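**Q** Below is a structure I'd like to ask you about.
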Amino acid sequence: MTKPPQQKAKNKYWFVLGREPLLSSAEIEAVFGLKNFTLNPPVLKMSLPELPDPKDAIGNLGGTIKIGLEIGVNFGMEDILNKMAEEIKKIAKENGKTNFGLSCYNLNSKLPIKIWGMEIKTRLRGEVSTRFVFKNEPNLSSVTVEKNGLTGKKGIEFLIASAGNGKYDLGKTLAVQPFEELGQRDFGRPARDDASGMLPPKLAMIMINLAQIPRNAIILDPFCGSGTILTEADVIGYKNLIGADISNKAIADTKKNFEWLNKEYKPFAYKKQTANNEIKLYETEIARIHEFVKPASIDAIITEPYLGKPLRGRETKIELEKQANELKKLYIDAFTEFKKIIKPKGTVVIIIPKFKYGNGWVKINCLEEIKKTGFEIIPFLKNQTFLFYHRPNQFVGREIYRFIAIS
Ligand SMILES: C[S@@+](CC[C@H](N)C(=O)[O-])C[C@H]1O[C@@H](n2cnc3c(N)ncnc32)[C@H](O)[C@@H]1O
């Protein structure tokens, strides 16, 4: 008799999402698949087979701030206080003095965190030794969690979310975003080009994940700038990387950053995944990329092309429309080239900018013509044609699209 297939254990995980919950959810969808999930921003809850290494998992996600594990749901106040005390006691009995902190998400009324923390301490007095980490904010930052060892052996951060009807759900943090590593990759890399605009590493990582490609895929960024997409791909574990750019400074910058990442960058807390990888770099305008890259050889093109001249917010509508029209040609020409070098069914994840004008946007209307070059849009989260990324003080908004090459 054949044995029934082994069911992998499932746990309910909590993903505390970053500033753009839609983008972060789409990333989780791309990485884990989204089944049986609930999203009550900023918390996305989902059942998954066990995550063997949550710290590793969060290091490869650009849009998740914390990963937690559900402890229980629908607690009244008395019960949740008891449950937290019980969890702390377990740790303290085994490992000695235990630090604990409380973070609340999507609760309608302000939780008296200080009173709850002191109450838990009182309940444990005389039994075990504890330290309450309190910051007078609804939730603790990743920095506080990490610096106080709340994901370590002698600490715990409780995640408290509304269960509706005045009750609470309870989780505990397993891992937080590696803020020091991200900061080092953002501000510590040797070559930066603030003039042509650099993609935040977190957004680069999200875009790479949205491509949903295996680790041995060949990735090209044909507008690589200082190489953020390529270096983040390297961090995630992609090894076949190609960059191109019209500017020789951009190529030199990418080379410098890539070498720094592989030789000098030392992640503080987590595993180092990069190890003397190589990258191919070509100085070329997009219209000639087919002279450098073999036909039908690329699995994924992940890129933020030229976004136009930096804007000051004082441009007229006519000036913005002129810029949009110039970029339209560049973007359509780029897709014509992409079609020559991408594999059938290959993926393109690309930023298409739009420009702030008053309360609205001037857009580059290029989607229909891009489709005519042999691509189809693959929406995110079932029906999102694009995902939007924008900082309030910026005059450029970034729409992220995912295309597949029609064979
Ligand atoms: C917005 S930047 C990309 C920045 C990059 N994502 C990063 O994080 O560093 C756009 C890049 O496109 C390059 N570029 C502009 N026009 C191009 C063209 N026609 N062909 C190829 N590259 C071009 C620029 O030199 C610039 O480095």
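The values are calculated or read from the model by the stated rules, or taken from the named source; none is laboratory data. All values reported here derive from a predicted model rather than from experimental measurement. A quick note on method: Cβ atoms are made from the backbone with ideal geometry, for glycine too, and the neighbour counts reach across all protein chains shown. The accessibility values were calculated without ligands, DNA or RNA, using every heavy atom of the protein model including side chains. Shrake-Rupley method; radii C 1.70, N 1.55, O 1.52, S 1.80 Å.
**Q** I need the phi-derived Karplus couplings for the range 105-113: 6.51 cos²θ - 1.76 cosθ + 1.60, θ = phi - 60°, integer Hz, Gly and Pro marked x.
**A** Karplus values, whole Hz, x for Gly and Pro: 10, 6, 8, 5, 10, 5, 7, x, 4.
**Q** Mind listing the long-range amide H neighbours of residue 218? Cut-off is under 5 Å, sequence gap 5 or more, other chains count too, H placed in the peptide plane at 1.01 Å from N.
**A** Counting only residues 5 or more places away or on other chains, the set is 299, 300.
**Q** In what order, largest first, do 390, 290 sit by accessible area if the probe radius is 1.4 Å?
**A** 290, 390
**Q** For 73, 362, give me the order by solvent-accessible area with a 1.4 Å probe, most accessible first, ignoring ligands, DNA and RNA.
**A** 73, 362
**Q** Please list the non-local residues whose amide H lies under 5 Å from the amide H of residue 40, H modeled 1.01 Å from N, same-chain partners needing a gap of 5 or more.
**A** 45
**Q** Between rounded, prolate and oblate, where does the range 229-269 land on the alpha carbon gyration tensor, with a ≥ b ≥ c its root eigenvalues, rounded for a/c under 1.5, else prolate if a/b exceeds b/c? Before the final figure, lay out each step's value.
**A** Working: a/c = 3.01, a/b = 1.59, b/c = 1.90.
Oblate, because a/c is 1.5 or more while a/b does not exceed b/c.
**Q** Rolling a 1.4 Å sphere over the protein heavy atoms, what is the accessible area per residue of the range 5-106, to the nearest Å²?
**A** Per-residue value: 45 Å².
**Q** Compare the peptides 300-307, 341-348, 369-376 by average per-residue count of other Cβ atoms within 10 angstrom and give them in order, highest first.
**A** Top of the packing list down: 300-307, 341-348, 369-376.
**Q** Please list, in order along the range 287-299, the HN-Hα scalar couplings obtained from phi with the Karplus expression 6.51 cos²θ - 1.76 cosθ + 1.60 (θ = phi - 60°), rounded to whole Hz, x for Gly and Pro.
**A** Result, rounded to whole Hz: 4, 10, 4, 5, 7, 10, 10, 4, x, 6, 10, 9, 7.
**Q** Next question. Could you run the Karplus curve 6.51 cos²θ - 1.76 cosθ + 1.60 with θ = phi - 60° over the range 181-191 and give me ³J(HN,Hα) per residue in whole Hz, x for Gly and Pro?
**A** These are the phi-based 3J(HN,Hα) values: 5, 4, x, 5, 6, 7, 9, x, 5, x, 10 Hz.
**Q** Per residue, how much accessible area does the range 180-405 show when a 1.4 Å probe rolls over the protein heavy atoms, in square angstrom?
**A** 47
**Q** Using per-residue counts of other Cβ atoms within 10 Å, averaged over each peptide, order 24-30, 178-184 from highest down.
**A** Packing proxy ranking, top to bottom: 24-30, 178-184.
**Q** Can you send over the solvent-accessible area of residue 221, 1.4 Å probe, protein chains only, in Å² to the nearest 10?
**A** Rounded to the nearest 10, that gives 0 Å².
**Q** Packing-wise, with mean Cβ within 10 Å as the measure, how do 119-125, 352-358 rank, highest first?
**A** On the way: 119-125: 15.9, 352-358: 18.6.
In decreasing order of mean packing, 119-125, 352-358 become 352-358, 119-125.
**Q** Shape call for the chain from the C-alpha gyration tensor, a ≥ b ≥ c root eigenvalues: rounded (a/c under 1.5), prolate (a/b greater than b/c) or oblate?
**A** Verdict is prolate for the chain.
**Q** Would you pull out the residues with amide H under 5 Å of residue 11's amide H, same chain only if 5 or more places away, H placed 1.01 Å from N?
**A** 48, 50
**Q** How much of the accessible area of the range 292-333, probe 1.4 Å, is carbon plus sulfur, in whole percent?
**A** 56
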